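Every read-out reported here was derived from the displayed coordinates using simple, explicitly stated rules and does not represent laboratory data. Keep in mind it's a predicted model, so treat the numbers as computed, not measured. Because the Cβ atoms are built from the backbone with ideal geometry, glycine has one as well, and the counts that use them run over all protein chains shown.
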Amino acid sequence: MANSYHQIYIQTVFVVKYRDGIIGRSWKAELLRVIANLIEEKGCKSIIVNGVEDHVHCFFHLIPSVALSDVMQSTKAKSSKWINEEGILKHRFEWQPGFGAFSYSQSSVEKVFRYIRNQENHHLRQSFHDEYIGMLQKFAVEYDERYIFQELL
């Protein structure tokens, strides 16, 4: 669009189904590259994608012509398809339904980048549950905890 200017920074967080910690060290880096490429495939600009064995954080520039839900639906569907088609796991891989999304200002970009880059060290001190609830509270997102986590059955 002519004369349309934007800078929309978004962090998303999504989780392996049942929060099962199955993202392995041997294939995690490739998965994160796949996810970053899928975000860019939708016309957005990936800044950093990182995570640990049970969840992933994505930080990217969202373009106004694309719905955030479309970016995430496509990214999650195609990345799980990639894992399954590569035969990485002996069982079917799925992401948990839904995602968290949080917006940031330009002044926060470096801090968010460092936070996402440092996920493994961060989770030595804080559980994903506490991290996610903390993010929801920090951004004043109303939630019902019964519906945001699917635990192992």
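Which of the peptides 35-48, 102-115, 65-78 is most tightly packed, and how do the rest follow, going by the mean number of other Cβ atoms within 10 Å of each residue?
35-48, 65-78, 102-115
Which whole-angstrom value gives the distance between the alpha carbon centres of the stretch 20-47 and the stretch 93-139?
Spelled out, the Cα-based centre of one part sits 15 Å from the other.
What order, most packed first, do the peptides 138-148, 14-24 have when packing is the mean number of other Cβ atoms within 10 Å of each residue?
Going by the mean number of other Cβ atoms within 10 Å, highest first, we get 14-24, 138-148.
Which helices of the chain meet both criteria: a Cα extent of 18 Å or more along the helical axis and a mean Kyte-Doolittle score no lower than -0.5, with helices taken as whole DSSP H segments?
25-41
To the nearest 0.05, how large is the calculated FRET efficiency for Lys81 and Ser107 if R₀ is 41 Å and r is the Cβ-Cβ distance?
0.65
Taking the Cα centre of the chain as origin, work out the dipole magnitude from +1 charges on Lys and Arg Cβ and -1 charges on Asp and Glu Cβ, in debye rounded to 20.
300 debye
Full extension from Gln7 to Asp70: what is 0.36 nm times the residue separation minus their Cα-Cα distance, to one decimal in nm?
Full-extension gain reported as 20.8 nm.
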